[in-house]
1. Within the range 65-88, restricting attention to residues that are assigned to a helix (DSSP H, G or I) and over 29 Å from the mean Cα position of the chain (by Cα), which residue is surrounded by the fewest Cβ atoms within 10 Å (Cβ to Cβ)?
2. How do the pairs read when you match residues in the range 337-352 that are more than 21 Å from GLU377 (Cα to Cα) with residues anywhere that are polar (S, T, N, Q) and surrounded by 22 or more Cβ atoms within 10 Å (Cβ to Cβ), using Cβ under 8 Å and keeping only pairs 6 or more apart or on different chains?
3. Would you please list the contacts, defined by Cβ atoms under 7 Å and residues six or more apart or on different chains, that run from a residue in the range 511-537 that is under 15 Å from THR450 (Cα atoms) to a residue that is of a type in the set (Asp, Glu)?
4. Please find, within the range 7-23, the residue that is farthest from GLN292 (Cα to Cα) out of those that are out of contact with any Pro (no Cβ under 7 Å at 6 or more places or on another chain) and part of a helix (DSSP H, G or I).
5. Pull up the range 6-35, narrow it to residues that are aromatic (Phe, Trp, Tyr) and touching a residue at least 60 places away in the same chain (Cβ under 8 Å), then point me to the one that is surrounded by the most Cβ atoms within 10 Å (Cβ to Cβ).
6. Surrounded by fewer than 21 Cβ atoms within 10 Å (Cβ to Cβ), among the polar types (S, T, N, Q) and out of contact with any Gly (no Cβ under 6 Å at 6 or more places or on another chain), is that true of THR331?
7. Can you name the residue in the range 114-147 that is acidic (Asp, Glu) and more than 18 Å from PRO166 (Cα to Cα) and, of all such residues, is modelled with the lowest pLDDT?
8. Just give me the residues in the range 457-500 being part of a loop (DSSP other than H, G, I, E, B), hydroxyl-bearing (Ser, Thr, Tyr) and under 27 Å from ARG519 (Cα atoms), in sequence order.
Amino acid sequence: MRILLITPPLTQLNTPYPATAYLKGLYVAQGHEVRQVDLGIEVADRVLSEDFLRDIGLAREAGLIEPVKRFLRGQDDTLGPRIANRSLLPEGKRFAQLDEDNLEWSFGVSGSTDKAQHLATLFLEDIADYIREKIDSHFDLVRYAEYLSNDAPTFDPLYEELQGEPSPIDRIMLRLLEDIVRDYNPERVDITVPFPGCLYGALRCGQWLKKHTDATVEIGGGFPNTEWRQMSEMRIYEFCDSIAIDGHPEAIDHCPDFGDLPLNKYLSLTEMANPMHRLWSQGRWNKMVVAQGCYWHRCAFCDTTLPYIGSYRAADAATIVDRMECIVQQTGRTGFHLVDEALPPKLLGEVANEIVRRQLTVSFWGNIRFERAYDAELCQRLAKAGMVAVSGGLEVASDRLLKLMDKGVTIQQTIGACRHLRDAGIMVHTYLMYGFPTETLQETVDALETVRRMFDEGIVQSAFWHRYAMTCHSPSGQHPERYGVRRTTWEPNPFCNNEVDWEPAQFDYDIEAVGAALRLATYNYMNGLGLDQPVRSWFPIRVPKPSIR
């Protein structure tokens, strides 16, 4: 069977999303003929082109776009100093937000490649803003018509949009799809939808395929597997023949195949100075899975009832490193973003031993749990093998709440693991949460004080706060009474079902103001600022003093 695998617009622009590469590895092993296409990077390449920009009235930007793309692809590093000294690019609204002193502090002298990448990224974002405002309201650099799909209880707004004429960006996407289909004539098309910002593009592609081809169309990926498990909306089958829920788990048993993707087209972007966000969007990292699911799968806020998280299985270390070597041969790149829910420390240590034994030169990073297992010896071993960074959840930074949510770690364990990682030269990013059921204002202030101390000691270099959201697939969503709250409804929506309302969701303080203060303080901490400032000073409302010693 001839199978076409599609990643629709838009995901990251710096590296391929791995779903189609894993499916290709599986399908080829089953004897199928397979082709894959990343319509996201193909559409971006056509939109960010001299011809298109001239057509929409951006003549000056059109003359610069190809050199800027070459620079962001690593094909012309010598352009960096001209971009960095701000003598080359036109500067729109995105540049107006720059603080010159902070820019120099974050990126160093004017010849910095990172600084040039950041300024070039702002140039592309200015173009994207113009396109969204003047040409196509759906467009963004990393998502497409996301507002129509995000937390959509009904299909009506999205369906109505899909009944209208294709937008200018839609037409570019559909012309690309038509060329591929005419050349390959697939019998089956699988479309992955990892995020809400890919759904509109996926359905436009499915709509065209159903009208113009005899191919069967299947939609799968993270978004439908999370949002559509309780869906009753039948109009979706005007855009596909089937939906893959929990399909193809054996795909991770095969080496992903990136070989036919246009790896020379991806753009290394620097959206902000945050070191983890820079790592995420800079460079063409090979995305790879070590293990399926989460070996812990017990946290109250996580969708642990879903098989892609709750059903854990892993390959052995030798097989994992075999796949690394295979992917390096395919892509010519030795950097890996290990996209596991949580990397298992024992297996990770075995992988490190195998890398060192084979004398491979690779770099890798991924998500961990800050366990006691990350002692000095393991962290040094991981650094020797090539680990450069980790991200992990400190979450609420309260032992009472960590126990309530069954996180399985304590604050002191987390701090110990971060120290060992820091001492090994491994960068640490932590995810943080506020607004968990029963969390008090005192606990929130104490959490920020803990974070301040970790930045001050240098054991965390990057962090991000988000507000707790109850989901229907999480322990807290399925058993809210255990957390002192109740869901306001158990009736599923006809279309998307993930986040649910609960009460009492109201706090006896302004939680929006608290969230803004947490983010502001942490932004400053990441830039080395305000670490000697009392944490209460960040809040626009009256808050208690930290109670931790």
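1. First, the residues of the range 65-88 that are assigned to a helix (DSSP H, G or I): 65-72, 77-84.
This time we only want the ones that are over 29 Å from the mean Cα position of the chain (by Cα), so: 78, 81-82.
Values: THR78: 7, PRO81: 17, ARG82: 16.
The qualifying residue surrounded by the fewest Cβ atoms within 10 Å (Cβ to Cβ) is THR78.
2. These pairs meet every condition: HIS337/THR15; HIS337/ASN286.
3. Short answer, once both residue conditions are applied: LEU531/ASP456; VAL535/GLU449.
4. Restricting to residues being out of contact with any Pro (no Cβ under 7 Å at 6 or more places or on another chain) and part of a helix (DSSP H, G or I), the top hit is THR20.
5. Ranking the qualifying residues of the range 6-35, first place goes to TYR22.
6. Yes; evaluated as a whole, the condition is true for this residue.
7. Only one residue tops the list, namely ASP114.
8. Once the filter is applied, which keeps residues that are part of a loop (DSSP other than H, G, I, E, B), hydroxyl-bearing (Ser, Thr, Tyr) and under 27 Å from ARG519 (Cα atoms), the range 457-500 yields TYR468, SER474.
The values are calculated or read from the model by the stated rules, or taken from the named source; none is laboratory data. A quick note: this is a predicted structure, and the numbers were derived from the prediction, not measured. Don't worry about glycine lacking a Cβ; one is built from the backbone with ideal geometry, like all the others, and counts go over all protein chains shown.
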